[in-house]
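The values are calculated or read from the model by the stated rules, or taken from the named source; none is laboratory data. Please read these numbers as outputs of a predicted model, since none were measured by experiment. Because the Cβ atoms are built from the backbone with ideal geometry, glycine has one as well, and the counts that use them run over all protein chains shown. Protein only, heavy atoms only, side chains kept; ligands, DNA and RNA dropped before computing areas. Shrake-Rupley method; radii C 1.70, N 1.55, O 1.52, S 1.80 Å.
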Amino acid sequence: MRTPRDEATGLATYAGLLHECADALAATAVSGAAAQPALLLVDLEGITEAATTDGFTAGDELLRLMAGRVTREVGSLGLVARMSDHQLAVLFADLSAPAVALDLAYRIVTSVSSPAVLDSQRRVVLSTSCGIVTRETLPARTTATELVRAADLAVREARRTGRNRIEVCTRELVASADETLAIGKDLRQALQEQGLDVCYQPLVDLTHGSVLGFEALVRWSHPVHGHVSPARFVPVAEEFGLISELGRMVLSTASAQLQQWSVSFGVPLTAHVNVSGQDLANEGFIAMVQKCLAESGLPATQLVLEVTETTVEPDLDTARARFEALHDLGVRVALDDFGTGRSALSYLQSLSVDILKVDRSYLESIDDQQADAAHTERRADDLLRGVVALGQALGLEVYGEGIEDEAQRERLLASGCDIGQGYLFARPLPPAEAVSLLHEQRPAPSPVSALGSRILAADAAQSA
Ligand code: C2E
Ligand code: MG
Ligand code: MG
């Protein structure tokens, strides 16, 4: 059968490519290792933007131009197909050396990223990400769609790591994607069956040890794998479109829980809840926060939403708008893990966050055996003092996190930071253990903690 062609570009269609892949894989099964099909995916980045600025036809024009360039580079080495409006594929039915595909990918990157001139005389420079998979990476009886999926994993990896990059799909990449897929499926089920829990780690007044609030941390006990870290499954929740549901579950649970404890212990405890970037960008995010507050009865001034630099970095304008809307409600925002990203001062100023949580790496202990231990320790102290002073100079509250020992608590206090959390005080606790901790604190701590009095003052101001 003749391979079906795309009218606009003259390239093979996706259906045609799948057919050719299946044929190439079948030929491998017959001839053994001698024939090695390989698939190269070429992402053309910038076409969508060009279509937005220069009109719909500019996108088509660019695709045709790039299809021509790629076809010329490939020559008789393989079959070029159109995957979408911004992705091409090259199938090498029988590749004797994988290096050929790599070499060709380099030539394609160079060719695609050289300037193109549109009919309108506008000059456009595209960039590209390439992903390659060779047959030998995949198990026996691999199907055409599995071959495409593996190339797609490589192209995603290339996109994730920068522009004009080429990635080769490895067995590890496929295994990790399979694992992610399995986690995503199980996570969806766990969310449906209310199989996720929330633990609470106290935020304490570093001088008196009194509990000022709790950070809500999601927990998942997988029926087979046991405890799965949120650092692992939160990104999977984002990838699988489950993050809104997860975020809503944690926020509504934590708000209700903290309101209940605040009432029964007669102290205005603060709920700290982590927010993923994708959730924050969601149009309905503010309405969701409002709903959780209304349903739980938790005063907005007792809610702090924690974001990280990497959360806000991709879309600073949206983050800024959301923070303003949160401030209008009375909700505060904390910048979590400060110091692990780029720590740009401009973020702090332009985003108007309220709290800076200094990453625990600033507290890491210095090895006494190290040759210049005293000097290194002085420098680490200076750095910590500098970060705390910087936050305070910008009018922010500065909290410490990951406080594991007495020396770290003292270093934070000496640097001017008087609120924090860490294993020294308590690990993230199931609700019943958090209640026991609160009972140990009774009667209400005196003097009223700095944060407690600020909350009361803010409450009074809001109701005035
Ligand atoms: P995070 O928000 O910075 O949370 C603090 C992490 O440090 C928690 O890890 C906590 O268990 C751990 N930790 C607390 N004290 C200490 C200490 O003294 N030493 C050390 N080494 N670690 C300490 P966890 O629970 O594994 O959470 C990891 C990250 O996952 C969180 O970092 C947060 O970014 C994310 N995460 C957790 N729960 C949620 C959630 O409900 N929603 C979202 N979007 N992200 C969450
Ligand atoms: Mg946090
Ligand atoms: Mg943190």
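The residues in the range 174-218 that are in contact with a Ser or Thr (Cβ under 8 Å, 6 or more places away or on another chain), open to solvent by less than 20 Å² (accessible area, probe 1.4 Å) and away from ligand 2 (no atom under 16 Å from the Cβ) can be counted, and the count is 2.
Residues in the range 159-173 that are of a type outside the set (D, E, K, R) and surrounded by fewer than 17 Cβ atoms within 10 Å (Cβ to Cβ): how many? The total comes to 4. Within the range 222-254, the set of residues being farther than 16 Å from Q192 by Cβ, away from ligand 3 (no atom under 16 Å from the Cβ) and outside any helix (DSSP H, G or I) comprises V224, H225, G226, H227, V228. Could you please give the count of residues in the range 255-288 that are outside any helix (DSSP H, G or I), more than 15 Å from A434 (Cα to Cα) and within 16 Å of ligand 3 (Cβ to nearest atom)? Residues in the range 255-288 being outside any helix (DSSP H, G or I), more than 15 Å from A434 (Cα to Cα) and within 16 Å of ligand 3 (Cβ to nearest atom): 4 in total. Scanning the range 52-70 for residues that are within 30 Å of the chain's Cα centre (by Cα) and either assigned to a strand (DSSP E or B) or hydroxyl-bearing (S, T, Y) (or both) turns up at least one hit.
None of V398, V333, V307 is touching a Phe, Trp or Tyr at 6+ places or on another chain (Cβ under 6 Å) and within 16 Å of ligand 2 (Cβ to nearest atom) except V333. Taken over the range 40-53, the residue count meeting the criterion of being open to solvent by 40 Å² or more (accessible area, probe 1.4 Å) and touching a strand residue (DSSP E or B) at 6+ places or on another chain (Cβ under 8 Å) is 1. For beta carbons closer than 6 Å, sequence separation of 6+ or different chains, a first residue in the range 140-158 that is open to solvent by 10 Å² or more (accessible area, probe 1.4 Å) and a second that is not in a loop (DSSP other than H, G, I, E, B) and not hydrophobic (A, V, I, L, M, F, W, C), the qualifying pairs are E157/E167.
Evaluate the following for G330: is it within 16 Å of ligand 3 (Cβ to nearest atom), on the phi > 0 side of the Ramachandran plot and assigned by TED's automatic domain parsing to the domain that holds H272? Against the criterion (within 16 Å of ligand 3 (Cβ to nearest atom), on the phi > 0 side of the Ramachandran plot and assigned by TED's automatic domain parsing to the domain that holds H272), G330 does not qualify.
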